[in-house]
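Novice: Please see the structure below; I have some questions.
The values are calculated or read from the model by the stated rules, or taken from the named source; none is laboratory data. Treat the numbers as computed from the prediction; the structure is a model and nothing was measured. Glycine also receives a Cβ, built like all others from the backbone with ideal geometry; neighbour counts cover every protein chain displayed. With ligands, DNA and RNA removed, areas are computed over all heavy atoms of the protein, side chains included. Shrake-Rupley method; radii C 1.70, N 1.55, O 1.52, S 1.80 Å.
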Amino acid sequence: MKGPLFYSKILLFGEYGIIEDSKGLSIPYNFFNGALKIAEKSTLESEKSNNILADFCSYLKQLDELDLDLISFEKHISKGLYFDSSIPKGYGVGSSGALVAAIYDKYSQNKITVLENLTREKLLVLKSIFSKMESFFHGKSSGLDPLNSYLSIPILIKSKDDINVTGIPSQKLNGTGAVFLIDSGKTGSTAPMVSIFMEKMKSEGFRKMISTQFIKHTNLCVDSFLNGDVKNLFDNTKKLSKIVLDNFKPMIPDEFHDLWKKGIDSGSYFLKLCGSGGGGYILGFAPNIEQAKNDLKDYNLEVVYHF
């Protein structure tokens, strides 16, 4: 048995903001993927994944109304089922989301498929199911990562109750501007980062900053990106990068604080969180990618989108 491939994702805009009803924009990232398989020969990796699936199955048994064929799931686990994945864990590119999408695709008994007319209602049903499933991994999940992995098309979040699939401007492969990833060199963990955020939200000053600055510039970034308005996109990404540096320091690895500020001051690149932060990938936006590569020559930049 070998299941279909499910891809990683990048949340371009909306990290933390979508918890508080900001806009968000998530795109598939086909560089990494994963598929369900039954191991012909057991390895350390397949056994580790198989154990996680066994715990996940026990968790799913406690949930109502998901309509999953857990009898078959359990039977396949006993035969050595595992998730064969190249998606790095703790890197903010949706490793658990792809796994959840694969389980839903294989074992849902009342599946909403990619081929049918995906109304907003169906998307919200899917998001709700995925949210419940993925909470096993993060303690709390929006369900967005599995949704993106399952559909493998860009998703626009206008608010918690208003999501749609969307088109994004075509890449200009010879364009000078780019979105890129930097490997921080260490993994992050979503649950403690979200806990820090929720604790900060108890402060009136932090809540005000989120509503008047963070969400405002997140929304403007989403609109500028979708409209192909590159000038405004970089203006607002710069402001967003500074807001994150000033207010989300625990989510930024210490060794990147100076690098983050250097990009803002020089205008060469603007860094932001990729997912919940704390490690993994850091997302960057560069008006001129060649200049950014030069300024970040000590780091491997992986370009994911050209302007």
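Novice: Being out of contact with any helix residue (DSSP H, G or I) (no Cβ under 9 Å at 6 or more places or on another chain) and hydroxyl-bearing (Ser, Thr, Tyr) is true for just one of 108, 86. Which residue is that?
Specialist: None of the other options fit; the residue is 86.
Novice: Which residue out of 259, 271 is assigned to a helix (DSSP H, G or I) and surrounded by 17 or more Cβ atoms within 10 Å (Cβ to Cβ)?
Specialist: The unique qualifying residue is 259.
Novice: While we're looking at this one, here's another question. Given the criteria open to solvent by 70 Å² or more (accessible area, probe 1.4 Å), more than 22 Å from the chain's Cα centre (by Cα) and within 23 Å of residue 164 (Cβ to Cβ), does residue 117 qualify?
Specialist: In short, yes.
Novice: Between 179, 165, which is open to solvent by 40 Å² or more (accessible area, probe 1.4 Å) and touching a strand residue (DSSP E or B) at 6+ places or on another chain (Cβ under 7 Å)?
Specialist: Step by step, each of 179, 165 is checked, and only 165 is open to solvent by 40 Å² or more (accessible area, probe 1.4 Å) and touching a strand residue (DSSP E or B) at 6+ places or on another chain (Cβ under 7 Å).
Novice: Being free of Cβ contacts under 8 Å to residues at least 40 places away in the same chain and closer than 24 Å to residue 105 by Cα narrows it down to one of 33, 51, so name that one.
Specialist: 51
Novice: Considering the range 243-254 alone, what residues qualify as being touching a residue at least 12 places away in the same chain (Cβ under 8 Å) and under 23 Å from residue 183 (Cβ atoms)?
Specialist: 244, 245, 248, 250, 251, 252, 253
Novice: Next question, about the same structure. Check whether at least one residue in the range 210-219 is of a type in the set (Lys, Arg), closer than 26 Å to residue 238 by Cβ and open to solvent by 60 Å² or more (accessible area, probe 1.4 Å), and report yes or no.
Specialist: Yes, there is a match, as at least one residue in the range 210-219 is of a type in the set (Lys, Arg), closer than 26 Å to residue 238 by Cβ and open to solvent by 60 Å² or more (accessible area, probe 1.4 Å).
Novice: How many residues does the range 282-294 contain that are open to solvent by 20 Å² or more (accessible area, probe 1.4 Å) and either touching a residue at least 60 places away in the same chain (Cβ under 8 Å) or in contact with a strand residue (DSSP E or B) (Cβ under 9 Å, 6 or more places away or on another chain) (or both)?
Specialist: Qualifying residue count for the region: 4.
Novice: Now for a separate question. Looking only at residues in the range 136-155 that are more than 18 Å from residue 60 (Cβ to Cβ), in contact with a helix residue (DSSP H, G or I) (Cβ under 8 Å, 6 or more places away or on another chain) and polar (S, T, N, Q), which one is most open to solvent (accessible area, probe 1.4 Å)?
Specialist: Among residues in the range 136-155 that are more than 18 Å from residue 60 (Cβ to Cβ), in contact with a helix residue (DSSP H, G or I) (Cβ under 8 Å, 6 or more places away or on another chain) and polar (S, T, N, Q), the one most open to solvent (accessible area, probe 1.4 Å) is 142.
Novice: Mind telling me which of the residues 56, 83, 73, 31 ends up being assigned to a strand (DSSP E or B) and surrounded by 15 or more Cβ atoms within 10 Å (Cβ to Cβ)?
Specialist: After applying the criteria, what remains is 83.
Novice: Right, another one. For residue 181, indicate whether it is closer than 26 Å to residue 279 by Cβ, hydrophobic (A, V, I, L, M, F, W, C) and at pLDDT 95 or above.
Specialist: So residue 181 fits the description; yes.
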